[in-house]
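Read through the structure below, which is laid out as structure tokens, and then see the notes.
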Amino acid sequence: MIYGLDTSFLVQLEVTEQPGHSAARQLKARLMAESATFALAPQTLCEFIHIVTDPKRFERPLSADQAVRRSEIWWNLKEIRNISSSGWVVQRFHAWMVEYRLGRKRILDTMLAATFEEHQIYHVITSDPGGFSLFKIFHIIDPLSN
């Protein structure tokens, strides 16, 4: 099975002070033991770097160099399937933004959801289930609920 990775999950894995860090690590270990494949989009890594380097969010944020290195490691793991967006994704993103009357705080998750849909990835690992459940096509895996 292929699991789409949301930024919130990567942050939980990489930042020890993040709530759910242990649960995220346990979920990752269990899925890797099952030979799972994970899908990762470039926009997820951009958001990851933005978040983990923010001193307003964390007492000990990663440096930009550390965050970029962690991003590279994730992108190059053998268990990762790298996915990207096409013109269809942008159309789907616009349609969902209008259909669901979404605001600025839903932009990134909506684009990621459209990217997952294009690649037929319907299992999403996230600690923010609300970002994907609205679309009613995804099976949400929340590390704190598993």
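The values are calculated or read from the model by the stated rules, or taken from the named source; none is laboratory data. Here the structure is a predicted model, which is why all the values come from computation and not from measurement. Glycine also receives a Cβ, built like all others from the backbone with ideal geometry; neighbour counts cover every protein chain displayed.
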Q | Pick from the range 106-146, criterion within 11 Å of the chain's Cα centre (by Cα), crowded, with 21+ Cβ neighbours inside 10 Å and in a loop (DSSP other than H, G, I, E, B), ranking: modelled with the lowest pLDDT | A | Ser127
Q. Just checking, how many residues over the range 11-30 are in contact (Cβ under 8 Å) with a residue 40 or more places away in the chain, outside any loop (DSSP other than H, G, I, E, B) and surrounded by 14 or more Cβ atoms within 10 Å (Cβ to Cβ)?
A. 6
Q.
Between Thr53, Thr44, which is at pLDDT 95 or above and either closer than 27 Å to Glu118 by Cα or of a type in the set (A, V, I, L, M) (or both)?
A. Thr44
Q) Does Ser8 meet the test of being over 17 Å from Ile140 (Cα atoms) and either surrounded by 14 or more Cβ atoms within 10 Å (Cβ to Cβ) or of a type outside the set (A, V, I, L, M, F, W, C) (or both)? A) no
(Q) Quick check on the range 51-81: of everything there that is under 30 Å from Met1 (Cα atoms) and charged (D, E, K, R), which residue is surrounded by the most Cβ atoms within 10 Å (Cβ to Cβ)? (A) Arg70
Q. Does Arg92 satisfy being in a strand (DSSP E or B), farther than 23 Å from Gln18 by Cβ and not aromatic (Phe, Trp, Tyr)?
A. no
